[in-house]
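Each value in this text was obtained by applying a stated rule to the coordinates, not by laboratory testing. Since the structure is predicted, the reported quantities are computational estimates derived from the model, not experimental observations. Cβ atoms come from the backbone with ideal geometry, glycine included; neighbour counts cover every protein chain shown.
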Amino acid sequence: MTILKTIAALLLFNNTLYAQQSLPWKGKKCAVVLTYDDGLDVHITNALPALDSLGLKATFYIANYMGGLQKQVPGWRAAAAKGHELANHTMFHPCEGGRAGREFVNADYDMNNYSMRRITNEIKAMNAVLYAIDAKTTRTFAFPCGDNKVHDTAYIDTMHDEFIAARGVVGTIPTIDKVNLYDFPGYGVFNHTGEAMIEWVKEAEAKQGLLVIIFHGVGGGHNINVSLPAHSQLLHYLKQHEKDIWIAPLAQVAKWVKEKQGK
Ligand SMILES: [Zn+2]
């Protein structure tokens with residue numbers, strides 16, 4: 001190789017390195033976080049095998065309002081061992097009732113009937129359960145129904161020691177400087193097609209932003225659902241574009257955002 005060719009090769013290498021370093025999400029264009037809410041059995045039977053077959057890691061927001069948690073413990077423990085995040089979605093999934101569309105809220109678990117101590121104790125108890133399963137100390141939270149207040153008080157403000165971040169239900173694709181650690185966005189999946197979800201990912205790539213996707217049912221298990229083929233199509237797209245897309249659990253993405261924002 002001539003000296004000129006060597007210099008040209010070095011310059012090219014430097015440029016590639018520089019381009020990667022300047023990309024905001026661990027050297028990639030965008031970040032995608034796959035989250036699964038409510039601790040459903042189908043997360044263990046349907047979602048995890050699909051994720052694991054491609055080596056993709058996700059976040060599972062576990063609650064126990066249906067009473068199935070004890071039976072799920074071996075499944076969650078295996079998921080944590082594979083690198084998935086077991087995350088907190090409260091014990092009983094309290095939401096604000098008393099308004100249109102909230103007829104499903106039971107008075108016992110109506111946030112209007114909660115106190116600050118009750119909600120924070122319930123969440124801390126769930127953290128203790130999750131710690132007993134996975135022994136992790138860094139964890140994230142998701143607001144049930146996106147409701148983040150008890151009688152006008154934002155309860156997460158007193159819980160920063162418990163969580164590195166919290167996720168809401170507002171669908172935006174922020175750049176890294178615009179991410180609020182305790183108000184991560186979330187795009188809710190309501191029977192979307194694979195193509196529709198892939199469009200969100202393409203938008204995140206174009207904006208060099210963060211996309212958080214919220215699943216409930218996967219191939220059934222909840223009235224808010226995604227079909228198995230649509231779920232699989234999205235996962236395969238992500239896998240094929242892993243070179244440009246950082247796919248990681250919310251706790252890892254939050255840690256990166258925190259570092260980059262200098263907090
Ligand atoms: Zn939920």
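In table form, for the structure just shown:
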read-out	value
At 1.002 mPa s and 20 °C, Stokes D of the stretch 28-261 from Kirkwood alpha-carbon radius, µm² per second	121
Simple spin-label estimate for residue 108 and residue 261 in nanometres, 7 Å along Cα-Cβ	3.7
For residue 188, distant residues with modelled amide H under 5 Å away	214
Note, ³J(HN,Hα) from phi for the stretch 125-135, Karplus 6.51, -1.76, 1.60, rounded to Hz, x at Gly and Pro	4, 5, 4, 5, 5, 5, 5, 5, 7, 10, 6
Of 36, 63, 131, farthest towards positive along the dipole that unit charges on Lys, Arg, Asp, Glu beta carbons give the chain	131
In the stretch 184-263, the GluC sites (Glu not before Pro) that fall in loop regions by DSSP, at most 15 other Cβ within 10 Å	242
Rounded to the nearest 20 debye, dipole of the chain from Cβ charges on Lys, Arg, Asp, Glu	900
Radius of gyration, Dmax [the stretch 121-162; alpha carbons; angstrom]	11.3, 33
Relative contact order [Cα under 8 Å, 6+ residues apart], the stretch 105-227, whole percent	18
Loop-resident sites, the stretch 92-194, for GluC sites (Glu not before Pro), counting at most 13 other Cβ within 10 Å (DSSP)	103
DSSP-assigned coil residues among chymotrypsin sites (Phe, Trp or Tyr not before Pro) in the stretch 166-199, each with at most 15 further Cβ atoms within 10 Å	190
For residue 247, residues with placed amide H under 5 Å, excluding near neighbours	32
C-alpha long axis of helix 250-261 to longest principal axis of the chain, angle in °	60
Free-standing Cys, the chain [no other Cys Cβ under 4.7 Å]	30
Relative contact order (%) - the chain, alpha-carbon pairs under 8 angstrom, separation at least six	26
